[in-house]
Amino acid sequence: DAGITQSPRHKVTETGTPVTLRCHQTENHRYMYWYRQDPGHGLRLIHYSYGVKDTDKGEVSDGYSVSRSKTEDFLLTLESATSSQTSVYFCAISDPGGASEQFFGPGTRLTVL
Amino acid sequence: GENVEQHPSTLSVQEGDSAVIKCTYSDSASNYFPWYKQELGKRPQLIIDIRSNVGEKKDQRIAVTLNKTAKHFSLHITETQPEDSAVYFCAAKAPGNAGNMLTFGGGTRLMVKP
């Protein structure tokens with residue numbers, strides 16, 4: 001597996017609380033992504049980063065924000081968690097150029113009660 | 001933006017049979033089509049990919065075919081084994097997006113019965 005870790009791996013929180021998920025990579029890949037995975041919906045892109053301090057919205061960005069202050073870390077924040085944000089969250093990395101392959105982290109299971 | 005549809009959502013086959021999963025995409029400019037396998041509780045992992053300048057690619061028991069005219073691509077698994085049981089995702093990448101973004105299909109749960 002590529003050098004990608006996510007923390008925490010599991011989290012249970014209550015509606016209305018802020019939550020931050022961390023993705024850390026040791027591959028020095030330029031691009032990083034946050035996806036959520038829900039039954040029947042596959043993997044949906046929340047936000048992505050194409051460089052340090054360069055981020056943009058994906059398909060399902062409402063209620064989420066991200067930050068990338070250095071190459072190796074990409075943070076996903078739920079400012080005020082809702083039950084609809086209960087999901088499995090995957091981080092992925094990729095490098096520009098011909099390969100285009102995305103490598104996924106191990107995932108974070110988030111439950112919002 | 002790009003839209004990817006994947007069928008079927010579930011597929012059950014007998015060990016040794018073949019399995020075919022099909023995907024269609026909407027953006028005719030898309031040029032990269034990967035397939036990911038996700039075992040229960042694990043991360044998605046790339047198993048095979050194809051670029052738009054190639055019609056077919058094989059890797060042992062798996063193959064992918066691409067029909068650019070019809071805008072569809074398929075994953076073929078021959079001689080299925082129980083360890084092939086997993087969820088499979090197709091994806092497509094349109095050129096020119098700032099971050100190599102992929103659009104994924106909804107997934108196919110493949111069950112191989114011994």
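Values quoted throughout were computed directly from the atomic coordinates according to the rules given, and no laboratory measurement underlies them. It should be emphasised that the depicted structure is a prediction, and the values quoted were computed from it without experimental measurement. Neighbour counts are summed over all protein chains in view; Cβ atoms, including those assigned to glycine, are modelled from backbone coordinates with ideal geometry.
I need the full set of residues from the range A:31-89 which are of a type in the set (A, V, I, L, M, F, W, C) and within 14 Å of chain B (Cβ to nearest Cβ), in order please.
If the condition is that a residue be of a type in the set (A, V, I, L, M, F, W, C) and within 14 Å of chain B (Cβ to nearest Cβ), then A:Met32, A:Trp34, A:Leu43, A:Leu45, A:Ile46, A:Val52, A:Val60, A:Val66, A:Phe74, A:Val88 are the ones that fit.
Residues to consider are A:Ser87, A:Ser69; find the one that is without any contact (Cβ under 8 Å) to a residue 60 or more places away in the chain and in contact with a strand residue (DSSP E or B) (Cβ under 8 Å, 6 or more places away or on another chain).
Unique residue meeting the criteria: A:Ser87.
When the range B:60-83 is examined, which residues are found to be without any contact (Cβ under 8 Å) to a residue 60 or more places away in the chain and not in a strand (DSSP E or B)?
The initial filter retains those residues of the range B:60-83 that are without any contact (Cβ under 8 Å) to a residue 60 or more places away in the chain, namely B:60-77, B:83.
B:Gln60, B:Arg61, B:Lys68, B:Thr69, B:Ala70, B:Lys71, B:Glu83 - these are the residues of the range B:60-83 that are without any contact (Cβ under 8 Å) to a residue 60 or more places away in the chain and not in a strand (DSSP E or B).
Counting only residues that are among the small types (Gly, Ala, Ser), touching a residue at least 24 places away in the same chain (Cβ under 8 Å) and at the interface with chain A (Cβ under 10 Å from one of its Cβ atoms), how many does the range B:84-103 have?
Number satisfying all stated conditions: 1.
Quick one: would you say B:Ser74 is within 20 Å of B:Asn3 (Cβ to Cβ) and more than 14 Å from chain A (Cβ to nearest Cβ)?
Spelling it out, B:Ser74 is indeed within 20 Å of B:Asn3 (Cβ to Cβ) and more than 14 Å from chain A (Cβ to nearest Cβ).
Every residue, every condition in (1) assigned to a strand (DSSP E or B); (2) of a type in the set (Val, Ile, Thr); (3) surrounded by 14 or more Cβ atoms within 10 Å (Cβ to Cβ), yes or no:
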position: B:Val13; (1), (2), (3): yes, yes, yes
position: B:Gly16; (1), (2), (3): no, no, no
position: B:Ser28; (1), (2), (3): no, no, no
position: B:Leu40; (1), (2), (3): no, no, no
position: B:Arg43; (1), (2), (3): no, no, yes
position: B:Ile50; (1), (2), (3): yes, yes, yes
position: B:Val54; (1), (2), (3): no, yes, no
position: B:Lys58; (1), (2), (3): yes, no, no
